[in-house]
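Worksheet for the structure shown next.
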Amino acid sequence: MEGLAPGSVVFFKFCFADFDGSNLPQREHELEQVLATAKEKGLKLIVGNALPVRKQDGTPEIVSEERKFDAFLAAKAASVSDVWVYDMNSVLAGGDGFLKPEYASEDSHPNDAAFTALDVTFFPLLADVFAGKHGG
């Protein structure tokens, strides 16, 4: 975030590999640091919520941790100005919390179909961010 002019838009997200089912306090602390830095620099911040993993790469504990992180993120974003949440998880995850099989590559990275599905919700969010609108 060094050198960005106030009002610049920044996107932050953790990798799916950053959640292991036992490190939620660490992720929450890191998010707090990101939020504080963005506020200090006067930036507009988009934070992507937790990315799901393939069922064979995850555990119920990881899904639970991701859901708790997403709730924490939503609460934080609601209490801070110039922060938007990009809900990637609801696009990419099935009802069980794992990456939908049609969106998986040879591992838990999203494939081209996943990115196409994300575009449908990301570009309208960007329009809201640049317009300064929340809740769009």
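The values are calculated or read from the model by the stated rules, or taken from the named source; none is laboratory data. Source: prediction; values computed, not measured. Using ideal geometry, Cβ is built from the backbone for each residue, glycine included, and neighbour counts are taken over all protein chains shown.
In region 1-28, the residues that are touching a residue at least 24 places away in the same chain (Cβ under 8 Å) reach residues that are acidic (Asp, Glu) with C-beta atoms within less than 6 angstrom, at least six apart or across chains, in these pairs: Phe19/Glu65; Phe19/Glu66; Gly21/Glu61; Gly21/Glu65; Leu24/Glu65. The set of residues from region 56-68 being without any contact (Cβ under 8 Å) to a residue 40 or more places away in the chain, closer than 15 Å to Gly95 by Cβ and over 15 Å from the mean Cα position of the chain (by Cα) comprises just one member, Pro60. Which residue pairs have Cβ atoms under 8 Å apart, sit 6 or more places apart or on different chains, and have a first residue in region 84-97 that is farther than 12 Å from Gly48 by Cβ and a second that is assigned to a strand (DSSP E or B)? What qualifies is Ala93/Leu99.
Every listed requirement among (1) more than 29 Å from Glu40 (Cα to Cα); (2) in contact (Cβ under 8 Å) with a residue 12 or more places away in the chain; (3) out of contact with any strand residue (DSSP E or B) (no Cβ under 9 Å at 6 or more places or on another chain) is met by Val53 save one, (3).
Arg67 meets the conditions (1) crowded, with 20+ Cβ neighbours inside 10 Å; (2) assigned to a helix (DSSP H, G or I) in every case but one. The failed one is (1). Here region 13-36 is the region considered, the condition is being of a type in the set (A, V, I, L, M, F, W, C) and surrounded by fewer than 16 Cβ atoms within 10 Å (Cβ to Cβ), and the residue that is farthest from Leu92 (Cα to Cα) is Ala36.
Which one is nearest to Ser108 (Cα to Cα), of the residues in region 1-53 that are charged (D, E, K, R) and touching an Asp or Glu at 6+ places or on another chain (Cβ under 7 Å)? Out of the qualifying residues, it is Arg27. Just so you know, in region 83-108 the residues that are at pLDDT below 95 and of a type outside the set (Gly, Ala, Ser) include one that is nearest to Glu65 (Cα to Cα), and it is Asp107. Looking across region 37-64, the residues that are assigned to a helix (DSSP H, G or I) and either surrounded by fewer than 21 Cβ atoms within 10 Å (Cβ to Cβ) or of a type in the set (Val, Ile, Thr) (or both) come down to Thr37, Lys39, Glu40, Lys41, Lys55, Gln56, Asp57, Pro60, Glu61, Ile62, Val63, Ser64.
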